[in-house]
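The values are calculated or read from the model by the stated rules, or taken from the named source; none is laboratory data. Nothing here was measured: the structure is a model prediction, and the numbers come from that model. When we count neighbours, we look across all protein chains shown, and the Cβ atoms used for this are built from the backbone with ideal geometry, even at glycine.
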Amino acid sequence: MAAAFSLIPELDEIVKNGTAEKRAEAIERISGLFLQGAAHFETRHVALFDDILVGLVPATEIETRAELAERLSKLDNAPPTLVKQLARETEIRVSGPILRRCWTIPPWSTSRAEKVRSIWRRFPDARRCHRP
């Protein structure tokens, strides 16, 4: 966790004035820290990462968001606000992995159901994707 706090001074600058490349680098570093410890994190730790990443992710390239969505979709304790943000994306490379595998979004969620139906219409083979 100490490594996460050492990133905070530069985060404010990256959020305010960072290039897409700097944001992508910060997301990679922060999500890497999260993924390393995710199995052991308490709710308050997940919330910290959620707060940080939610501020960085929207202004990044699609490729960065898609990679992050893929990585987070495999976790049972992925940051919930970020997951919802990624699930609402119109870009299928971003929302697809979350909607297919991430179970932090309730299956009865109206927005999730609408998004899944939309994916199924556009990509019929997406129906074959199930939680492992």
Report summary line: Pairs returned, first residue in the stretch 1-25 that is in a loop (DSSP other than H, G, I, E, B), second residue that is modelled with pLDDT of 80 or more, beta-carbon separation under 8 angstrom, 6 or more apart or interchain, are Met1/Gly37; Met1/His45; Gly18/Ala26
Report summary line: Counting only residues that are over 24 Å from Arg88 (Cβ atoms) and part of a helix (DSSP H, G or I), the stretch 33-44 contains a total of 6
Query - Flag for Leu53 being closer than 24 Å to Arg93 by Cβ and over 12 Å from the mean Cα position of the chain (by Cα) - result: no
Query - Qualifying residues in the stretch 67-90 (those that are polar (S, T, N, Q) and assigned to a helix (DSSP H, G or I)) - the one surrounded by the most Cβ atoms within 10 Å (Cβ to Cβ) - result: Gln85
Report summary line: Conditions (1) within 27 Å of Glu91 (Cα to Cα); (2) among the aromatic types (Phe, Trp, Tyr); (3) at pLDDT below 90 -> Phe5 fails only (1)
